[in-house]
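The values are calculated or read from the model by the stated rules, or taken from the named source; none is laboratory data. Because the structure is predicted, anything quoted here is derived from the model rather than measured. Reconstructed Cβ throughout: ideal geometry from the backbone, glycine too, with neighbour counts over all protein chains shown.
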């Protein structure tokens, strides 16, 4: 293992320079989108601005959150799929502090987004949905995620430098309770930031739905970055067809998981036939919103599910990347379909800011992600499972 660690140096597995060019392009898109957002604030009004921004921010937040979950799953289970994906996932999680800063506009726009800020609530909601407690919980959620990402990233860097086997044990021991803490925090964050847009509606599966979407987002990005790196040195001989096959199987699993949560929520609420619960779906299955719901059923699950069943497709990086792009687009559609009808329940409504906001946040986020990815070697030096990458990777 020492010989392998010496040959797998930081210089040998540095990110290719072309990657930074894509990051710069992302920054340009993000800055252009930010300028258009500023124009939209004054031309379309603050209400539309904050609605579109919420969709954009929560869409991209799912990427590092999904990466954080996958990273902890890897530390618990190991496997070649995660050894190669590890640095991409770690880079994604290190963008969480920047997304925390980008959360500030949502705090400033609370009054335009959440009607409970200026409408009296009854029962337990009167104590739960208050501005102060909502902000405090947001700080806790973001703090928990950043702490988990910071510890895993710090120990990973120390492992590169020292090769201390105790560090792998630390990351594994953190990941178990970390996943539990992650599950609770993501659930309540989804309730606070998305479900409370309609304070009369509730679902116990809602947090699981957002978690599954985050897994799809993180894996979709992983496939696309993997495609880029697999065609260039130094990762051309490392990211093999079998690795894409593994990532494709995970993508299939999370696609099925997302569909399971989405359908279960619909069936439970529809069969219960409680007015304040059913109304949420009535708004999304009438007035033109039903077309988007049908698109989600067909393009977020039906078609990707059928395609990902193919072993040959999962082993072809370009074909798998096409499926990944489709799922990433539908991930944004899914968030939009959950948010927008709260503000236009009677008929379908779409504004140009709904496209600009995700591009603005996404462009800046991608630039930050590429910067983080370039700071460390693309393979985790001294990872105890690194040798399997070279001996059992396969083609």
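For the reader, a short list of remarks on this structure follows.
- Flag for residue 113 being more than 30 Å from residue 78 (Cβ to Cβ), at pLDDT 95 or above and surrounded by 13 or more Cβ atoms within 10 Å (Cβ to Cβ): yes
- Among the conditions (1) surrounded by 21 or more Cβ atoms within 10 Å (Cβ to Cβ); (2) modelled with pLDDT of 95 or more, residue 333 misses just one, which is (1).
- Screening residue 242 against (1) buried (at least 17 other Cβ atoms within 10 Å of the Cβ); (2) under 26 Å from the mean Cα position of the chain (by Cα) leaves a single unmet condition, (1).
- The condition (being free of Cβ contacts under 8 Å to residues at least 24 places away in the same chain and either in contact with a helix residue (DSSP H, G or I) (Cβ under 6 Å, 6 or more places away or on another chain) or assigned to a helix (DSSP H, G or I) (or both)) is satisfied by just one residue among 145, 134, 155: 155.
- Picking from residues in the range 141-174 that are under 19 Å from the mean Cα position of the chain (by Cα) and exposed (fewer than 15 other Cβ atoms within 10 Å of the Cβ), the one that is farthest from residue 107 (Cα to Cα) is 150.
- Picking from residues in the range 190-213 that are part of a loop (DSSP other than H, G, I, E, B) and under 19 Å from residue 53 (Cβ atoms), the one that is nearest to the chain's Cα centre (by Cα) is 194.
- In the range 383-395, the condition of being surrounded by 21 or more Cβ atoms within 10 Å (Cβ to Cβ), at pLDDT below 95 and outside any helix (DSSP H, G or I) is met by at least one residue.
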